[in-house]
Amino acid sequence: MGKEQKLSELMHFTDKQMVAMKAADEHDYTLFGGAAGPGKSYWLRWYPVRQLLKWGKEYDLRGIHAGLFSEDYPTLRDRQISKMAIEFPRWLGEVKDTQTSGLGFYLRPQYGSHVLQLRNLDDPSKYLSSEFALIAVEELTMSSEEKFHQLRGRLRWTGIANPKFIAATNPGQIGHLWVKKRWLDRSFPPEEQALAHQYA
């Protein structure tokens, strides 16, 4: 329990990050938007770790996988990997590259052996056989709607009833219109109307 308390202190979410956390806890598809700031990339790496620990305890599961996606590897390295090396404590886990699960943040066995896989979106078809309990995407508006559908098709994990999709974004870019249509205008195709309440 002491280490879990220490993790919550390490996260030290701001008020806006706390709002995003509560929205993601209650919805399947959460978008943390706005202009540059306020700590969206930070939230995108810490929320999945928190969720992996929570699910592991709640469902008595080990080895759950989440995926954190950036547009390309340099962005992934600069915005996420370099920050994890500073922010994530060694007692919790480490960033490494393995033959079985690739590059990721690997939680230690005493914390469930869960993995936050670190991936880029240069070619989403690479992940057609992958499964994730949670998918986090940085700068969602830099992706097409087709990429979104390809990714969420990988959103499944045995033992977890409601896998989660979280994303951050700044206004603009090629995906601005489809992201706005879904999350702000609340406009969904007929076959997805039943999921509208899961978007926050």
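Among 136, 24, 161, the largest mean-square fluctuation in a Gaussian network model of the chain, built with springs joining Cα atoms closer than 10 Å, belongs to 161. Structure note, pairs 6/54; 22/147; 16/57; 22/54; 22/180: Cα-Cα distances above 18 angstrom occur for 22/147; 16/57; 22/180.
All other residues whose Cβ lies under 13 angstrom from that of residue 181 are scored, Lys and Arg at +1 and Asp and Glu at -1, for a net of 0. Mean separation of Cα pairs under 8 Å and 6 or more residues apart, divided by the residue count, gives the chain a relative contact order of 27 percent. Assuming charge only on the beta carbon of Lys and Arg (+1) and of Asp and Glu (-1), the dipole of region 25-88 about its Cα centre is about 260 debye to the nearest 20.
Structure remark: mean-square fluctuation, Gaussian network model of the chain, C-alpha springs under 10 Å; the largest value among 30, 100, 14 belongs to 100. In the context of the full set of protein chains, region 38-98 has a per residue accessible area of 44 Å² (1.4 Å probe). Report the net charge of residues surrounding residue 105, where surrounding means a beta-carbon distance below 9 angstrom and charges are Lys +1, Arg +1, Asp -1, Glu -1. Every neighbour counted, the sum reads +1. Nearest-5 percent of antiparallel DSSP beta bridges in the chain? Restricted to the chain, the bridges split so that about 30 percent are antiparallel. Under a GNM of the chain (C-alpha, springs under 10 Å), which listed residue has the highest mean-square fluctuation: 139, 87, 131? Of the options given, 87 has the highest mean-square fluctuation. Residue 81: net charge of surrounding residues, Cβ under 15 Å, Lys/Arg +1, Asp/Glu -1, itself excluded? In short, -1. Charge dipole of region 1-110 (Cα centre as origin; +1 on each Lys and Arg Cβ, -1 on each Asp and Glu Cβ, all else neutral): 320 debye, rounded to the nearest 20.
The values are calculated or read from the model by the stated rules, or taken from the named source; none is laboratory data. Values in this document were obtained by computation on a predicted structure and should not be read as measured data. Heads up, the Cβs are rebuilt from the backbone with ideal geometry, glycines too, and the neighbour counts pull from every protein chain shown. In case anyone asks, the SASA skips ligands and DNA or RNA and just uses the protein heavy atoms, side chains included. Shrake-Rupley method; radii C 1.70, N 1.55, O 1.52, S 1.80 Å.
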